[in-house]
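Okay, structure first, notes after.
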Amino acid sequence: MNSAAMMRYSHSRDERYLSQAGGSGRAARKTAPPAAARADAAPRRLQVFVFSEPERAGGYGRNWDGRAVGIGGRGAVLGDRGSGYDLGVRALQAVAAAYDQRGVWPSLGRRLLRALQLNEPGDLMDWARTAEREEIARLAAEVFAARSRRDKLAADILADAAGQLARNAAACARRLARPGVRIQFVPAGSVFRAHPSFAAQVGRAVRKLWPRALVASQVLESVPDAAAPVKRERSSGARGAQNAVRGKGNKNPRPEAGPERVRSRRPSPTEQRNPRSRRLDTLSLQRAIRLMLAEEGRVPGKLQAEHRRMARLIQAVVRAFRRGGRLFYVGAGTSGRLGVLDASECPPTFGAPPGQVQGIIAGGRPALWQSVEGAEDQAEAGARALAYRGLGRRDVVVGLAASGTTPFVWGALDAARRRGATTALICFNPFLRIPRARRPDVVIAPNLGPEVLTGSTRLKAGTATKQLLNILTTLAMVRLGKVRSNLMIDLHPANAKLRGRAVRIVRELTGADAAGAEAALRRAGWNIRKAIALPGAKPRTGVWGTCPPSTRP
């Protein structure tokens, strides 16, 4: 959208509103300007746009002869004041300063810790040193929420930011016209759209600096293209990411035709009502407990029927690991969180490299503890997430989706297939109709039946997902030789409890007493595998079985 089109404006004595070019439908026709106000015409009234985005903020205007002026809009690195990132940085600085000066952790700080799932002020400072700009920008929502609870720190941050945005807008106006000229100031951008009270606050500050200002009551959803050169650079970067998703060396930049949809022949069991729990709200507590345990008890038998497909997937993961490949779990909501959980437990349990098993959740890190609206519906985001992890042919991608139709998961699976990776889907909808061109190499889809609480897939579906992932990584690591008998010989003993476990493992495998086992571990740097291989630390007969696990198929 060009800047002239963005500035088409309709007026009446009692009503002012903006009409964005390129609109369609009844609303666009209703607000269309007169024929004389074409997209290539100068604006009928001098306008200044004041915008606030997660990482950009500033002012932009254009007068009657087409001369344009922009202030700010250069991005977070060059310090745009009033952007979401700027508000997040100010919040971090304010709570740190308040803590230093008063020795009491402020309420805004408590809110930030909760939002980030951190435990102490020191954790927040550590997080801030490595946080991405977009992560810091998300803290702006906590600043607005705190102000709604009359938090003084948050109110001061927003008042200062509103004043800076107003000063930018007024400076832009002064470069376009002489003082006293009637100018309309138009708020734009996602921060204002999400927080209209902030737009109104900026409007009040603008009126103090430019008494004849007309402040539009509606907020534009997008920022004018001419507002900052960095927007065009970011767009080219986004195109590069799309090319990365399609794979290196693709000479055709056009997007591929949309794939045939994955559908369900019947409603997914995960969305149906359970006839055994229709009276859940009136059952006695004891009967409700027995009902839930009985429903959960149905899970193992249903998974037993999938043992052949489970074995195929485990073998594929073992082959990948032996070739230097990785295992990726991709999911949304509960499924995604369980994938991240299983991935995070592999390094301490099996001494696996941190990147060998990875979890990807729709919506990213914030989705681990809160819902990220619409994240699971973005198929392209799933594809991008894998592209930026450098997915290759040696890797395995396991999609986790209770109903089996999550777009984010299928976007990732489609991208994995194009890149030659092994793919698998774990779901609980046996009625899926998957097009041949999109079908994963392994599909595990037991019918667990409806949930006790209709649609709550954190129940049986969550239990089954956790069991499947436990089996997958545990048996894959066993086949890699990380287990002797049923003992973890690559355990990372990072605390007192695990060091005690390491001593017991060495004792079990060598017959040494506690002092000897601990001495061997200290000599080996608390590496169990090395400790049991030291001279004099001979394993007990029969501990390994008939052959070392690493040689088994």
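The values are calculated or read from the model by the stated rules, or taken from the named source; none is laboratory data. All figures in this text were calculated on a predicted structure; none of them were measured in a lab. Here the Cβ is made from the backbone with ideal geometry for all residues, glycine too, and neighbour counts use every protein chain on show.
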Query raised in the report: Between residues in the stretch 372-388 that are under 14 Å from GLY399 (Cβ atoms) and residues that are among the hydroxyl-bearing types (Ser, Thr, Tyr), which pairs lie under 8 Å by C-beta distance while being six or more apart or on different chains?
Result: GLU376/THR406
Query raised in the report: Of the residues GLY72, GLY84, which is within 30 Å of ARG149 (Cβ to Cβ), buried (at least 23 other Cβ atoms within 10 Å of the Cβ) and at pLDDT below 85?
Result: GLY72
Requested in this report: With respect to ARG110, determine if the residue is basic (Lys, Arg) and either touching a residue at least 40 places away in the same chain (Cβ under 8 Å) or in contact with a strand residue (DSSP E or B) (Cβ under 6 Å, 6 or more places away or on another chain) (or both).
Outcome: no
Query raised in the report: Only one residue in ASP377, ASP414 is more than 15 Å from the chain's Cα centre (by Cα) and more than 23 Å from ALA131 (Cβ to Cβ), so which one is that?
Result: ASP414
Query raised in the report: Scanning the stretch 165-192 for residues that are within 31 Å of the chain's Cα centre (by Cα) and at pLDDT 90 or above, which turns out farthest from TYR85 (Cα to Cα)?
Result: PRO187
**Report entry** Which listed residue, of VAL330, VAL262, is modelled with pLDDT of 95 or more, in contact with a Leu (Cβ under 9 Å, 6 or more places away or on another chain) and among the β-branched types (Val, Ile, Thr)
**Finding:** VAL330
**Report entry** Residues within the stretch 287-310 that are small (Gly, Ala, Ser) and part of a helix (DSSP H, G or I), tallied
**Finding:** 3
Query raised in the report: Is it true that LEU285 is touching a Gly at 6+ places or on another chain (Cβ under 8 Å), at pLDDT 95 or above and assigned by TED's automatic domain parsing to the domain that holds ASP414?
Result: no
Query raised in the report: Taking interchain pairs and intrachain pairs at least six residues apart, which have beta carbon atoms under 7 angstrom, with the first residue in the stretch 271-290 and within 26 Å of CYS427 (Cα to Cα) and of a type in the set (Lys, Arg) and the second part of a helix (DSSP H, G or I) and modelled with pLDDT of 95 or more?
Result: ARG276/LEU291
Report task. Could you check how many residues of the stretch 316-340 are outside any helix (DSSP H, G or I), crowded, with 19+ Cβ neighbours inside 10 Å and of a type in the set (D, E, K, R)? Result -> 1
Report summary line: Within the stretch 70-100, residues of a type outside the set (Gly, Ala, Ser) and more than 20 Å from ALA173 (Cα to Cα) come out as VAL77, LEU78, TYR85, ASP86, LEU87, VAL89, ARG90, LEU92, GLN93, VAL95, TYR99, ASP100
Report summary line: Log entry, pairs with first residue in the stretch 465-476 being touching a residue at least 12 places away in the same chain (Cβ under 8 Å) and closer than 14 Å to GLN315 by Cα, second being outside any helix (DSSP H, G or I) and among the small types (Gly, Ala, Ser), beta carbons closer than 9 Å, six or more apart or on different chains, reads THR473/ALA352
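This table checks each residue for (1) in contact (Cβ under 8 Å) with a residue 60 or more places away in the chain; (2) surrounded by fewer than 20 Cβ atoms within 10 Å (Cβ to Cβ); (3) within 17 Å of GLN358 (Cβ to Cβ).
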| residue | (1), (2), (3) |
| --- | --- |
| LEU413 | yes, no, yes |
| CYS427 | no, no, no |
| ARG433 | yes, yes, no |
| VAL442 | yes, no, no |
Report task. Return yes when LEU313 is in contact (Cβ under 8 Å) with a residue 12 or more places away in the chain, of a type outside the set (D, E, K, R) and not in a helix (DSSP H, G or I) and no when it is not. Result -> no
